[in-house]
Amino acid sequence: MKKLALVFAAALALTACTAAPTETATVPAAADPPAEAAATEENADAEQFPVGELRLCDDWRRDTDTAYYTLYGDVDTTELTGLKLDYADGVQTKIMSLDIADTPHSDFLVTNDNVVRMFLSNADGSEFRFKTFYPDGRSEERTASQEITPTVYDEYAAYVLRDNYVARLDWQTGEVTTWDASIPQIHTVLGGAGGKVLLTRIVSDMPLPTDAEMFEAVLQNSLMEYDLYDLASNTLEKLFADDFYPDGGWKTYLGYRGDMLYFVQGSPDGDDYKELLLGYDLTTGIMQELYAEEATDCVGAFNSPKSFSRGGQLELVFLQSTPDALHIYNIADGQMYNVPCHDPTLNAAYGIEENYGRPIAVTGDGRVLVIDGYAQRGGYTVDAYGLIDLDDYLAGSTDYQPVQMWAQ
């Protein structure tokens with residue numbers, strides 16, 4: 001289709017179930033110190049500041065307790081449109097427009113107080129700034145003291161994490177402050193957990209080579225260390241380490257609830273693969289297996305398991321889809337549920353299965369936002385949304401409350 005050249009929305013990518021999630025590691029030019037040499041002393045130069053609910057900047061499923069945001073654009077216009085869905089009344093509305101000439105540097109960054117921010121720059125790159133949209137309809141722009149590419153953010157600031165330094169951009173002043181850090185060989189920043197940054201590091205007995213094939217060979221004999229980094233005190237805490245490819249597969253972070261971090265570990269199992277849902281107790285330091293599932297009849301699933309939080313706490317985990325159900329684990333009661341996932345009557349009209357019942361977010365009032373077929377916008381087909389009580393959804397109900405979608 002010609003339109004929808006830029007859409008950050010709830011269109012969910014479908015791939016074969018056997019595909020492992022991809023992660024891109026930055027290859028350092030030289031080796032960093034091993035895990036045991038990671039600095040844990042407080043940096044006296046780092047100022048104390050509040051840290052809120054940390055979120056990844058590239059987590060494009062923006063949801064808060066009250067609203068779902070998305071950024072929509074197409075090739076026939078010079079504007080990007082910001083949309084907001086009020087869960088209470090089930091109506092999606094336009095909240096803003098941005099001129100493409102402003103050169104957006106990010107999707108919406110939505111904090112838990114429903115404030116929305118977006119990084120912009122001039123077309124010639126001479127000025128870097130961010131625009132803030134408040135729940136009461138106010139908006140303001142502020143120039144940043146320097147250009148940054150943040151990794152995580154909260155309601156107070158945006159942060160850049162690198163092996164040797166951290167930068168903080170203050171939302172109120174636009175000032176960027178930096179300090180030295182020693183976080184050797186960062187592999188992936190996974191997200192926030194209890195006001196700290198959960199990340200992984202590569203731990204190797206030899207320097208990491210720059211050649212891609214040799215780099216991969218070294219990884220086969222390396223460890224993946226999981227750490228918590230405290231932004232406010234500039235300290236790094238080791239949690240645990242595992243083989244870089246545990247059991248020949250991968251480990252994916254899902255989120256946290258209370259003192260528990262949740263992961264799903266996928267491993268090859270003949271022509272298919274199996275998934276283990278794991279919980280790491282921050283209090284005891286023990287990893288436990290919570291649920292195991294063979295992915296033998298998996299079709300049309302996401303390219304990796306998906307997690308859905310409410311109020312910062314992990315609520316649901318989607319593991320896989322079979323021909324007639326989504327397999328969803330409820331963290332609150334520790335039970336697996338089979339939820340209907342598509343309406344066969346849609347297939348003839350659009351040639352796409354399972355565009356029905358897939359979760360997008362869990363709302364603050366205990367409902368689930370789902371994809372509910374299709375809608376028309378400007379003469380083109382887009383996903384439609386619906387809302388349903390969480391308990392009814394897990395019980396198999398498809399009695400969705402249709403969302404009134406915004407139309408141009």
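Run the simple label-point estimate for Asn122 and Ala232 please: 7 Å along Cα→C-beta, distance reported in nm.
The answer from the label model is 3.8 nm.
Taking θ = phi - 60°, what integer Hz values does the Karplus form 6.51 cos²θ - 1.76 cosθ + 1.60 yield along segment 382-395, in sequence order, with x for Gly and Pro?
For segment 382-395, the Karplus curve yields 10, 5, 9, 10, x, 10, 8, 4, 4, 5, 5, 4, 5, 7 Hz.
So for segment 152-254, averaging the separation of alpha carbon pairs under 8 Å that are six or more residues apart and normalising by length, what relative contact order in percent results?
17 percent
Please list 3J(HN,Hα) in residue order for segment 307-324, calculated via the Karplus relation 6.51 cos²θ - 1.76 cosθ + 1.60 where θ = phi - 60°; whole Hz, with x for glycine and proline.
Karplus values, whole Hz, x for Gly and Pro: 10, 9, 10, 9, x, x, 9, 4, 10, 10, 10, 8, 9, 6, 10, 9, x, 10.
Quick one: of Lys84/Lys274; Lys84/Lys238; Lys238/Lys274, which pairs are farther than 32 Å apart, Cα to Cα?
Lys84/Lys274; Lys84/Lys238
Using a Förster radius of 41 Å, what is the FRET efficiency between Trp179 and Gln313 based on their Cβ-Cβ separation? Nearest 0.05, please.
Calculated transfer efficiency: 0.85.
In terms of modelled amide H atoms, which long-range or inter-chain residues lie less than 5 Å from the amide H of Ile360?
Hits under the 5 Å cutoff: Leu369, Val370, Ile371.
Apply the a/c threshold of 1.5 to the C-alpha gyration tensor of segment 97-222 and tell me whether it is rounded, prolate or oblate.
Cα axes put segment 97-222 in the prolate bin.
So what is the accessible area of segment 142-241 per residue, in Å², with the probe set to 1.4 Å?
That works out to 40 Å² per residue.
When the chain is fully extended, how far beyond the present Cα-Cα distance does Asp272 get from Asp247, taking 0.36 nm per residue of separation?
Fully extending the segment from Asp272 to Asp247 adds 7.6 nm.
The values are calculated or read from the model by the stated rules, or taken from the named source; none is laboratory data. Being a predicted model, the structure only gives us computed values, none of them experimental. So basically every Cβ, Gly included, is an ideal-geometry build from the backbone, and we count neighbours across all protein chains shown. Just so you know, the surface numbers come from the protein's heavy atoms only, side chains and all, with ligands and any DNA or RNA stripped out. Shrake-Rupley method; radii C 1.70, N 1.55, O 1.52, S 1.80 Å.
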